[in-house]
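Just below is one structure, and these are the notes that go with it.
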Amino acid sequence: MEEKDLNALVQKLQLRLSQRKLLEKLQAQILKDFQRSGISHFELKSTDPIHWNEEIQVILKQLSENELQHLLYLIDIPELILSQTANHENRLFYLSNAILHRELMKVFYQIQFK
């Protein structure tokens, strides 16, 4: 999904929640999935979501390929994204962006179908 689509999703969610509440839910979902994969030392330190991609990239860089694949599997990142980014110089940026997008989609579905 392109950035403009991601922004549209955020705007739809903000119609139902305040921005602060939306960001809290997104942070909680990210933390939950990282902990489920065995990465208990991860935490988004910034309250500004603009910095989250960078923070996620830092932790992804520290993971072995098996740990990374396990995390992406638990978050439900499509295998196609893994193969498309395998040899890309900005691989971690794209994987981090895919994580943020997927986690935002999870929050959207939780709100939509509760």
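Which residues, taken from the stretch 48-86, are within 22 Å of GLN19 (Cβ to Cβ) and out of contact with any Lys or Arg (no Cβ under 9 Å at 6 or more places or on another chain)?
We begin by selecting, within the stretch 48-86, every residue within 22 Å of GLN19 (Cβ to Cβ); these are 48-56.
Hits for the stretch 48-86 are ASP48, PRO49, ILE50, TRP52, ASN53, GLU54, ILE56.
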Can you find, within the stretch 19-77, the residue that is nearest to GLN110 (Cα to Cα) among those that are among the small types (Gly, Ala, Ser) and either in contact with a His (Cβ under 6 Å, 6 or more places away or on another chain) or outside any helix (DSSP H, G or I) (or both)? SER37
How about the stretch 47-61: which of its residues are surrounded by 12 or more Cβ atoms within 10 Å (Cβ to Cβ) and either of a type in the set (S, T, N, Q) or on the phi > 0 side of the Ramachandran plot (or both)? ASN53, GLN57
Complete set of residues in the stretch 34-47 that are closer than 11 Å to LEU23 by Cβ and within 12 Å of the chain's Cα centre (by Cα): LEU44
SER83, sole failed condition from (1) in contact (Cβ under 8 Å) with a residue 12 or more places away in the chain; (2) within 24 Å of GLN62 (Cβ to Cβ); (3) part of a helix (DSSP H, G or I): (1)
Here are some conditions: (1) surrounded by 16 or more Cβ atoms within 10 Å (Cβ to Cβ); (2) over 14 Å from the mean Cα position of the chain (by Cα); (3) modelled with pLDDT under 85. LEU22 meets all but one. Which one does it not meet? (2)
Can ILE111 be described as crowded, with 19+ Cβ neighbours inside 10 Å and in a helix (DSSP H, G or I)? no
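The values are calculated or read from the model by the stated rules, or taken from the named source; none is laboratory data. The model shown is predicted, which means the values in this text are computed figures rather than measured ones. Don't worry about glycine lacking a Cβ; one is built from the backbone with ideal geometry, like all the others, and counts go over all protein chains shown.
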